[in-house]
Ligand code: ADP
Ligand code: MG
């Protein structure tokens, strides 16, 4: 008898999502009905020219902004119905962010930057210390634990950002042009690291990118144009 494989439920599902920005009388239809699904462990690339809506999708999926219409399910939960406090909690527990410009806290050491999400989540100090050390070891930065970000190269800073995004073992990692500030060799290393560390605990990745090299390292790509999937 053939065993039926249970269908994994998507980490993230967008259904008919619309978003319009209004600047005075200027109306920008940033997303015009976007459907997509992201499975556990999958790395999905969002491509498309500047202004096509990539960052808008990431901001909605990351609970940084809210949709005008449509449904967004994160781990099966409809996030369009959440109040601000619940959205903040869900973002903190379920989502890690990696940005083009790293967005590290300059006055904190490398270890403090990576520790911060665990601190916010109320993880006990002893466990935090252990997890931060293990994460820094994994991204090859344990020797820089006490340095500040401005003492590091771009690639090292992005590795700190990856460590910070993954240390809380999020279900979803959102990366907006994560390699755009890096040379191609460093970009490859950073991406491999993201995959390797994320796959260890089944994180799904949603990555906006212009970078053809990065595309080849993703499981699947979706092309956007004028707020629509091509
Ligand atoms: P991408 O990341 O693909 O470059 P964006 O999602 O940033 O595209 O932008 C999609 C469209 O929405 C663009 O026309 C952009 O100018 C507009 N847009 C994005 N954010 C805002 C905002 N906060 N206010 C007004 N318009 C915005
Ligand atoms: Mg963008």
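Worth pointing out:
- Any hit, region 56-77, residues being more than 16 Å from the chain's Cα centre (by Cα) and within 19 Å of residue 173 (Cβ to Cβ): yes
- The number of residues in region 163-183 being part of a helix (DSSP H, G or I) and either within 16 Å of ligand 2 (Cβ to nearest atom) or touching a helix residue (DSSP H, G or I) at 6+ places or on another chain (Cβ under 6 Å) (or both) comes to 3.
Let's see how each residue does on (1) within 21 Å of residue 198 (Cα to Cα); (2) within 15 Å of the chain's Cα centre (by Cα):
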| site | (1), (2) |
| --- | --- |
| 81 | no, no |
| 85 | no, no |
| 97 | yes, yes |
| 101 | yes, yes |
| 127 | yes, no |
| 135 | yes, no |
| 159 | yes, yes |
| 172 | yes, yes |
| 175 | yes, yes |
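- Selection count, region 184-219, where residues are assigned to a helix (DSSP H, G or I) and crowded, with 19+ Cβ neighbours inside 10 Å: 8
- Matching residues in region 40-51 - criterion: being within 16 Å of ligand 2 (Cβ to nearest atom) and either buried (at least 22 other Cβ atoms within 10 Å of the Cβ) or closer than 17 Å to residue 174 by Cα (or both): 44, 45, 46, 47, 48
- Looking only at region 69-94, and only at residues there that are in a strand (DSSP E or B) and touching a helix residue (DSSP H, G or I) at 6+ places or on another chain (Cβ under 8 Å), the one that is farthest from residue 58 (Cα to Cα): 77
- On the stretch given as region 113-126, residues that are touching a helix residue (DSSP H, G or I) at 6+ places or on another chain (Cβ under 8 Å) and in a helix (DSSP H, G or I) total 8.
- Filter result for the condition that a residue is closer than 21 Å to residue 134 by Cα, more than 16 Å from ligand 2 (Cβ to nearest atom) and in a helix (DSSP H, G or I), over 158, 146: 158
- Flag if residue 81 is surrounded by fewer than 18 Cβ atoms within 10 Å (Cβ to Cβ) and over 30 Å from residue 16 (Cβ atoms): no
- Residue 57, sole failed condition from (1) within 16 Å of ligand 2 (Cβ to nearest atom); (2) in a loop (DSSP other than H, G, I, E, B): (2)
- Members of region 20-38 that are out of contact with any helix residue (DSSP H, G or I) (no Cβ under 6 Å at 6 or more places or on another chain) and surrounded by 18 or more Cβ atoms within 10 Å (Cβ to Cβ): 34, 36, 38
- Close pairs from region 45-66: first closer than 16 Å to residue 204 by Cα and near ligand 1 (Cβ under 9 Å from one of its atoms), partner part of a helix (DSSP H, G or I) and modelled with pLDDT of 95 or more, Cβ under 7 Å, at least 6 apart: 46/54; 46/57
- Residue match in region 146-158 (condition: touching a strand residue (DSSP E or B) at 6+ places or on another chain (Cβ under 6 Å) and touching a residue at least 60 places away in the same chain (Cβ under 8 Å)): no
- Single residue of region 141-176 satisfying the filter (more than 15 Å from residue 113 (Cβ to Cβ) and buried (at least 20 other Cβ atoms within 10 Å of the Cβ)) that is nearest to ligand 1 (Cβ to nearest atom): 176
The values are calculated or read from the model by the stated rules, or taken from the named source; none is laboratory data. Not measured: the values here are computed from a predicted model. Note that each Cβ is placed from the backbone with ideal geometry, even for glycine, and that neighbours are counted across all protein chains shown.
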